[in-house]
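Student: Below is the structure I would like to discuss, written out as structure tokens.
The values are calculated or read from the model by the stated rules, or taken from the named source; none is laboratory data. The model shown is predicted, which means the values in this text are computed figures rather than measured ones. Cβ atoms come from the backbone with ideal geometry, glycine included; neighbour counts cover every protein chain shown.
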Amino acid sequence: MVVRDLHQRYGDFEAVRGVSFEIRPGELFALLGTNGAGKTTTIETLEGFRRPSSGSARVFGQDPFGQPAVIRDRVNAVLQGSGLLEDLSVEESLRLTSDLAASPRDVDEVLRLINLVDKRKLRIRQLSGGQKRRLDLGSALMTRPEVLYLDEPTTGMDPEARHETWKIINELKESGVAILLTTHYLEEAERLADRLAIMHRGEIRVEGTLSGVLAGWGDRVSFLLPSDVRTADLPDVDGAAIEVESRDQDLWATYTVTGGDVTARAHHAVAALIAWSAEQGIVLQNLQVRGASLEDVFLQVADGAADLITE
Amino acid sequence: MSTTTTRSPAAQASARTAPGLLKQTLRLARTEFTLFVRYKTALMYLVLPLVLFLPLMSTPSVEVLGEFTNRDLTFAAALVSIGLMLGIGHASNVFAARRESLVLKRLRVSGVPQLAIFGGMTLVVVLFTLALAVLILGAIVALSGTMPADPVLLMVAVLLSAVAMTLVGLLITPLVRNAESAQMFSVVPMMALLLTGGVFFPLDLLPDPVRTVVQFLPVAPASEMAQAGYSGYDVFGGYEGAEALGTAALWANALPSIGVMLAWIVILSLLVRRYFKWDPRQP
């Protein structure tokens, strides 16, 4: 899958503004972003339901628009909505998918995989939201796709089903399937994604491997500012930005350390601060050291403060 | 995990041979049949033509073509309206609902060709239309004691109209937002085509220019074929002066009507291909 400078306009509104990425076999790329960020429009372009306003999308080197026969049998998707014929039973639905496919999996194998063996005779409209979502994934697996689009595949699942689903997705990845995932669960992206991108207002604001993205965001060292220390007295630490904010009437100092040696930078910052506190004869109360979480990055991007991250 | 899941995608790709289009179409038609039987609204479209037949029973009966009465001819034309109601009503309703619930999108994205999806629906409409037509025809024959002169021509008329009307039904879906509006909106072409199809009043009553126009619409030619097939009379130029003909001559005179119907099927197919929407978000 290769997307180059993709733009999608609806009238005056530009839903996707110059998005580029590529996904190789055996790789899972997660596209994160707020609602309306342009994720689904991007997926729909790759699925062949939209012609790019400009730029290009290629799947197996082909333009996917209109689902041409050469790639049709090799891709599949879990859509944002279910898209199953609800008057069919679970088994009837899978058999239909199987009979229409070029090289289908065994129906019983898929039923076991998505843990719906005992629900096989049930009409789909009687399934719970999470069960339907599992069947959506099962239906997509039926055709043994080499490229798979997963648009919020675990919505409505309980934590156990979600973990089971992650296991299935990881196995697909290992078997060489190229996967594009969108999700609102950041933990899902952390668990599954080889690379990820955060979209906001039609643009990719942050992109890279999880560790790369988090490294760019930096480590934070924070402590409660002693009452007799003024903000201006705080020492400079190499490669760190200082921020002081009040929480519950207390002042907290936070050093955000970016760049440099990713593995050792938090250590160096803490060492410098401990040395300074010894000199001052004070204690750094409530000292906390933490790496950035994907959530920190996501929230900053969603707030529109993306410049902070990329700098 | 079984061994099949760990095969490399490249190995799978070489083994891929999609089932043929015909096989896929028949498979979808089988599922359409199951869904039709399970779907109450579909049964309503099946009963609708029967409701139309009841008032026809009480119309005054005058012999217009030999032993055949105006009522016989109206019945014959009305057989064509089965496909009209089922095709326009059922296809538009079901496909609008399926687009809304992403069923159509999922079918496409899982690699099912559009022709198979449309074909499955068309087949099931044709099947139910023919079945109902045979049933009604059987009742007419039992009541009147007259066998249709050319049952094949009659059934070809029913078949062609069912195909054309299913395409009209599919063509309604891009114009409506959901299944409910499809149900409401489909009444407009349904009524318009019924009125110009020779069921409510004989096409003979229309002034010549109007009649000429109507004969180029996708229902009147099928109605006339049905009447010709039922009576054996060459009704294509109107009842007046129509003669009873042999099979070959009747089919020869039916050719222009068959041609108009086939032309409509081609035009409607191209329009469906061009304008059909698979995705509810599609602009």
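Student: Go through segment B:32-75 and give me each residue that's among the basic types (K, R), in contact (Cβ under 8 Å) with a residue 12 or more places away in the chain and within 15 Å of B:G89 (Cα to Cα).
Tutor: None; the set is empty.
Student: So, in segment A:14-55, of the ones that are more than 14 Å from chain B (Cβ to nearest Cβ) and outside any strand (DSSP E or B), which residue ends up surrounded by the fewest Cβ atoms within 10 Å (Cβ to Cβ)?
Tutor: A:T34
Student: So, in segment B:37-62, exactly how many residues are facing chain A (nearest Cβ under 10 Å) and assigned to a helix (DSSP H, G or I)?
Tutor: Qualifying residue count for the region: 2.
Student: Looking at B:V141, B:V103, B:V80, B:V125 in this structure, which one is modelled with pLDDT of 95 or more, of a type in the set (V, I, T) and under 18 Å from B:P49 (Cβ atoms)?
Tutor: Only one candidate qualifies: B:V125.
Student: When you scan segment B:105-148, how many residues do you find that are away from chain A (no Cβ under 14 Å) and either more than 13 Å from B:Q24 (Cβ to Cβ) or not in a helix (DSSP H, G or I) (or both)?
Tutor: 25
Student: Of (1) at positive phi; (2) within 14 Å of chain B (Cβ to nearest Cβ), A:L137 satisfies all except one. Which?
Tutor: With (1) at positive phi; (2) within 14 Å of chain B (Cβ to nearest Cβ) applied to A:L137, the lone miss is (1).
Student: List pairs: first in segment A:21-35 and without any contact (Cβ under 8 Å) to a residue 40 or more places away in the chain, second crowded, with 16+ Cβ neighbours inside 10 Å and assigned to a loop (DSSP other than H, G, I, E, B), Cβ under 7 Å, 6+ apart or cross-chain?
Tutor: Taking only residues 6 or more apart or on different chains, the pairs are A:E22/A:M1.
Student: Still on this structure: Any residue that is away from chain B (no Cβ under 13 Å), part of a helix (DSSP H, G or I) and surrounded by fewer than 20 Cβ atoms within 10 Å (Cβ to Cβ) - is there at least one of those in segment A:100-118?
Tutor: The answer is yes, given that some residue of segment A:100-118 is away from chain B (no Cβ under 13 Å), part of a helix (DSSP H, G or I) and surrounded by fewer than 20 Cβ atoms within 10 Å (Cβ to Cβ).
Student: Show the residue pairs that are 6+ apart or on different chains and have beta-carbon atoms under 6 Å apart, the first residue being within segment A:110-123 and in contact (Cβ under 8 Å) with a residue 12 or more places away in the chain and on the phi > 0 side of the Ramachandran plot, the second being among the hydroxyl-bearing types (S, T, Y) and not in a loop (DSSP other than H, G, I, E, B).
Tutor: none
Student: For segment B:84-104, enumerate the residues that are in a helix (DSSP H, G or I) and free of Cβ contacts under 8 Å to residues at least 40 places away in the same chain.
Tutor: B:R98, B:V103, listed by residue number.
Student: Continuing with the same structure: Quick check on this structure: which one of A:L181, A:L148, A:L172, A:L214 is hydrophobic (A, V, I, L, M, F, W, C) and surrounded by fewer than 22 Cβ atoms within 10 Å (Cβ to Cβ)?
Tutor: Of A:L181, A:L148, A:L172, A:L214, the one residue that is hydrophobic (A, V, I, L, M, F, W, C) and surrounded by fewer than 22 Cβ atoms within 10 Å (Cβ to Cβ) is A:L214.
Student: Any idea which of A:E146, A:E164 is among the acidic types (D, E) and away from chain B (no Cβ under 12 Å)?
Tutor: Criteria check complete, one pass: A:E164.
Student: Further question: Among the candidates B:F201, B:F236, single out the residue that is surrounded by fewer than 15 Cβ atoms within 10 Å (Cβ to Cβ) and farther than 30 Å from A:G66 by Cα.
Tutor: B:F201
Student: Every residue in segment B:47-68 that is surrounded by 11 or more Cβ atoms within 10 Å (Cβ to Cβ) and of a type in the set (S, T, Y), please.
Tutor: B:T59, B:S61
Student: With respect to the numbered conditions (1) within 17 Å of the chain's Cα centre (by Cα); (2) more than 14 Å from chain A (Cβ to nearest Cβ), which one is the sole condition not fulfilled by B:F95?
Tutor: Every condition holds for B:F95 apart from (2).
Student: Would you mind telling me which numbered condition in (1) within 11 Å of chain B (Cβ to nearest Cβ); (2) within 22 Å of A:L172 (Cβ to Cβ); (3) in contact with a helix residue (DSSP H, G or I) (Cβ under 8 Å, 6 or more places away or on another chain) A:D73 fails?
Tutor: Condition not satisfied by A:D73: (3).
Student: Hey, another quick one. Tally up the residues in segment B:95-119 that are farther than 18 Å from B:R274 by Cβ and surrounded by fewer than 24 Cβ atoms within 10 Å (Cβ to Cβ), please.
Tutor: Summing the residues that are farther than 18 Å from B:R274 by Cβ and surrounded by fewer than 24 Cβ atoms within 10 Å (Cβ to Cβ) in segment B:95-119 gives 10.
Student: Now for a separate question. Please enumerate the residues belonging to segment B:173-224 that are at positive phi and part of a helix (DSSP H, G or I).
Tutor: If the condition is that a residue be at positive phi and part of a helix (DSSP H, G or I), then no residue fits.
Student: If A:W252 satisfies all but one of (1) under 26 Å from A:L186 (Cα atoms); (2) part of a strand (DSSP E or B), what's the number of the condition it fails?
Tutor: (1)
Student: Surrounded by 17 or more Cβ atoms within 10 Å (Cβ to Cβ), under 30 Å from A:V2 (Cα atoms) and in contact with a strand residue (DSSP E or B) (Cβ under 8 Å, 6 or more places away or on another chain): does that describe A:L135?
Tutor: So A:L135 fails the test.
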